[in-house]
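Quick note: the coordinates plus some simple rules give every number you see, no bench work behind them. Please read these numbers as outputs of a predicted model, since none were measured by experiment. Cβ placement follows ideal geometry from the backbone for every residue including glycine, while neighbour counts extend to all protein chains displayed.
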Amino acid sequence: MNNNSKPRHYVFIPGSFHASWCWYKMQPLLNENGNTSEAIDLPAHGQDTTPINSVTLDSYVDAVCNVLAKYNKPVVLIGHSRAGIVISAVAERMPDKIDQLVYLCAFLIPNGEPMVATALSDSASLLVSNLIFNEPEGWHIPKNEIYKDAFYNDCSAEDVYLAGSLLTKEPNAPVGTPLSLSDSKFGKVKKVYIHTTLDNTITYQLQKKMVERTRVNQTFEINAGHSPFFSQPKQLAAILLSL
């Protein structure tokens, strides 16, 4: 169980191109000793059929807030990759519903900035220069030949095959929207950052820079690529259970 010896509820928010399916190894590891968990399909991802060209950052935030509203106690809110901007915006809207924010190799973006500006600064990222954009339809997706090395460089062949069959297009609008964050709301929520040292998507160097400019309460490191929920689920679960 966690350090507080009280059951926790963990809410998982997937990153770009992914949906709730990517947490399939994590939930069984957390759902014991009274703990519970939930993984969300954001709009236009997974089983959600929202038209992709209608999705905004607010659409993502609304979806998560609707889930948090069901719970009487604050949750541990985990955001992977692009979902860093989602959980930050959720914390601004519903800070009292969150026990702590966990940024899993995720974008930790300051007030007033869009995610895309920080993403484009990561010159060593394998993903940034290998995206296909469809501006008229409002989406982007990684080139097929790089997604394995970008997302799953240390994952099993089975997980790579599973993920490759389930990846979806990503709406353009959310990543270009500046965040609106305040010290009185977002700033008061406890924050944890989990670094991934072998990451080819959001490089370890960029992860460190983001933590330097936005204070967090605690940091951890996993010797893994961008998808530790596949490659290092037990280590990731141990960290989450220790919070």
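Points worth noting:
- Only the Cβ atoms of Lys and Arg (+1) and of Asp and Glu (-1) were treated as charged; on that basis the dipole of segment 9-242 about its Cα centre amounts to roughly 620 debye.
- Beta-bridge orientation, segment 9-242: approximately 20 percent antiparallel, per DSSP, counting only bridges with both partners inside.
- Secondary-structure-derived ellipticity at 222 nm for the chain, considering helices only, amounts to -8000 deg cm²/dmol, per-run term -39500 (n - 2.57) for DSSP H runs with n ≥ 4.
- Taking a straight line from the alpha carbon of Lys6, these lysines sit under 21 Å away, with near neighbours fewer than eight places off in the same chain left out: Lys70, Lys73, Lys97, Lys190, Lys191, Lys234.
- Distant-in-sequence amide H partners of Lys190 (H built 1.01 Å from N, under 5 Å): Leu101
- The HN-Hα couplings worked out from phi for segment 95-100 by the Karplus form 6.51 cos²θ - 1.76 cosθ + 1.60 (θ = phi - 60°) are x, 6, 8, 10, 6, 7 Hz, whole numbers, x standing for Gly and Pro.
- Taking each residue as 0.36 nm, the span from Asp183 to Ser165 lengthens on full extension beyond its C-alpha to C-alpha distance by 2.4 nm.
- Within a Gaussian network of the chain (alpha carbon springs, distance under 10 Å), most fluctuating of Lys25, Lys185, Lys143: Lys143
- Within the set [x] 13.8; [y] 13.0; [z] 11.7, the number that mean projected area of the Cα convex hull in nm² takes when calculated for this structure is listed as [z].
- Length gained on full extension, Asn33 to Lys143: 35.4 nm, using 0.36 nm per residue less the C-alpha separation.
- Stretching the chain fully between Asn130 and Ser156 yields a gain of 7.1 nm (0.36 nm per residue, less the alpha carbon separation).
- Backbone N atoms of segment 198-214 closer than 18 Å to the 7 Å Cα→Cβ label point of Ser123 belong to residues 200-210.
- If you run the Gaussian network model on the chain, springs between alpha carbon atoms under 10 Å, then out of Val67, Val90, Val55 the most flexible one is Val67.
- Residue-wise HN-Hα couplings along segment 142-159, as the Karplus relation 6.51 cos²θ - 1.76 cosθ + 1.60 with θ = phi - 60° gives them from phi, are x, 4, 4, 6, 10, 4, 4, 6, 6, 9, 10, 5, 10, 9, 5, 4, 5, 5 Hz; Gly and Pro carry x.
- Computed from backbone phi with θ = phi - 60° and the Karplus coefficients 6.51, -1.76 and 1.60, the 3J(HN,Hα) list for segment 164-173 is x, 7, 10, 4, 10, 5, 10, x, 6, 4 Hz; x is used for glycine and proline.
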